[in-house]
Amino acid sequence: MALPGFPVVLLALLPLLFSCTGAEASEVGVCYGRVANDLPDPASVAQLLQRNGITMVRMFDADPAVLASLANTGIKVMVALPNEGDNLTSAAASPAFALDWVRSNVAAHLPATRIHAVAVGNEVFYARPELMPRLVPAMANVHAALDALGLAGDVKVTSPLAFDVLGDPTFPPSAARFRGDLAEPVMRPMLEFLRRTGSYLAVNAYPFWAYATQPGDVSRDFALGNDVDPNPNPVVDGRTGLVYRSLLDAERDAMHAAMDAMGFGAGSVGLHVTETGYPSAGRSYSVAGVPTVAKDGSPVFSVANARAYNTNLIRRVRAGDTGTPLRPDADMDVYVFALFNENLKGAGPDDIEQNFGLFYPNMTKVYDFDFNFHGGAGGGGSDQASWCVANAAAGDARLQAALDYACANGADCSGIRSGAACFEPDTVPAHASHAFNSYYQRNRRANGACDFAGAAYVVYQQPSE
Ligand SMILES: *[C@@H]1O[C@H](CO)[C@@H](O)[C@H](O)[C@H]1NC(C)=O
Ligand SMILES: *[C@@H]1O[C@H](CO)[C@@H](O)[C@H](O)[C@H]1NC(C)=O
């Protein structure tokens, strides 16, 4: 999708982030929060997810009944080692605790339940600042435990951060930096850990706060990610000249800029969004200055706004349109917060907290949305999520010739060099798939960009590794 003023040259300069099969595409899932006393049983929830084409779920614990209900559904699951109790402290202090935890909360459920990530803590710097020095050691022990059980390749370890991991200012995005008290003590070791283990940074991002608190500075379209074209009020980062169409992207690029400033540029560590969403109703009076009515007279927290925000988000990810102005090739796995309205969250003056759900507890939708959405206007290529894979039947000689062609003509083949992260499995078809898919994605899935004289073909389901 072309952005006005978009510096196309960046596309050619920045490496792509791909997994080793070259098959990684972004995915949109939901946060399965359960702070409620009226939710359906986990088995019904698993069916609800499947009926609605929801293929990825973030849990805030590792409840065995929920994990059992997600078995054999193919749904990818992020489990959590919670802030609560002494879990995080124990995991930091004791490799044996971490190993026990991983055995019973991860290994015991694999492979039937497709756990692909462990969130160690949640918004630790905000919720439990005293645990700050324990966080990276806990992540490292959980990773070591996964490694010892042979699971580290399939299950990534990260820690969802609140946006306040950044200091002021966070706009323009290029000016953003990690908070001074966190940058060197925690963020550098965390980023080094994430790079070493092939994992990703994770942030919980809620653009509606900026809209709600600064209605004069932040337009509704920008906050909701409405792609207004032509845009009468483009938001420009004056330092870089980059033009923003959505506040979520500006927030993601603020994180990217902070990572860049620490030497973790494009291609080193990715960024996923472990929570984002929009309340469909309610008020927030405990945060000073949050109005319920925007400058144009419309309610800030409404079904229309929640629906627009989440629909825009789902469409973007399903269309493979996840790049940002600063990282045009960025992936974005994202979890919509939340699956259900949760009646035991902030009531009374903070009832927006109860109104983030896509569904009511009776499993009817709060508003219409579609996780099966495909497509959009294509610029000659396909906006539908698709991947290019090697046709093993072509034989190694033809695949090798096509592989050499792709690498010489713009595919990013750095990952399959000897010793690089995607060198294994060291087979011609695996290397060819990596190169072909890079070439195909870089050509925006154009017709003919996945042919290689019959040595490749397009698939519409993400190939498994
Ligand atoms: C870990 O967290 C769970 C869920 O919050 C809690 O029930 C348990 O007591 C905690 N365990 C430890 C060792 O802190
Ligand atoms: C589900 O719950 C919502 C909110 O309480 C209500 O408006 C709706 O009518 C209910 N739907 C059904 C089918 O019971």
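The values are calculated or read from the model by the stated rules, or taken from the named source; none is laboratory data. Because the structure is predicted, anything quoted here is derived from the model rather than measured. Here the Cβ is made from the backbone with ideal geometry for all residues, glycine too, and neighbour counts use every protein chain on show. Side chains included, ligands, DNA and RNA excluded: accessible areas come from the protein's heavy atoms. Shrake-Rupley method; radii C 1.70, N 1.55, O 1.52, S 1.80 Å.
Numbers at a glance
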{"quantity": "V106 being more than 16 Å from ligand 1 (Cβ to nearest atom) and at pLDDT 95 or above", "calculated": "no"}
{"quantity": "Filter result for the condition that a residue is in contact with a helix residue (DSSP H, G or I) (Cβ under 8 Å, 6 or more places away or on another chain), open to solvent by 50 Å² or more (accessible area, probe 1.4 Å) and over 19 Å from A202 (Cα atoms), over A68, A96, A92", "calculated": "A68"}
{"quantity": "Odd one out for E84 among (1) within 14 Å of ligand 1 (Cβ to nearest atom); (2) modelled with pLDDT under 95; (3) farther than 22 Å from A202 by Cα", "calculated": "(3)"}
{"quantity": "Any hit, the range 36-56, residues being within 15 Å of ligand 1 (Cβ to nearest atom) and under 25 Å from the mean Cα position of the chain (by Cα)", "calculated": "no"}
{"quantity": "The range 394-415, subset assigned to a helix (DSSP H, G or I) and within 24 Å of the chain's Cα centre (by Cα), residue nearest to G153 (Cα to Cα)", "calculated": "G415"}
{"quantity": "Of all residues in the range 195-228 being without any contact (Cβ under 8 Å) to a residue 24 or more places away in the chain and not aliphatic (A, V, I, L, M), the one that is nearest to Y278 (Cα to Cα)", "calculated": "D221"}
{"quantity": "G29, sole failed condition from (1) in contact (Cβ under 8 Å) with a residue 60 or more places away in the chain; (2) touching an Asp or Glu at 6+ places or on another chain (Cβ under 7 Å); (3) small (G, A, S)", "calculated": "(2)"}
{"quantity": "Test for V45: is it outside any loop (DSSP other than H, G, I, E, B), crowded, with 16+ Cβ neighbours inside 10 Å, modelled with pLDDT of 95 or more and not assigned by the TED database to the domain that holds D321", "calculated": "no"}
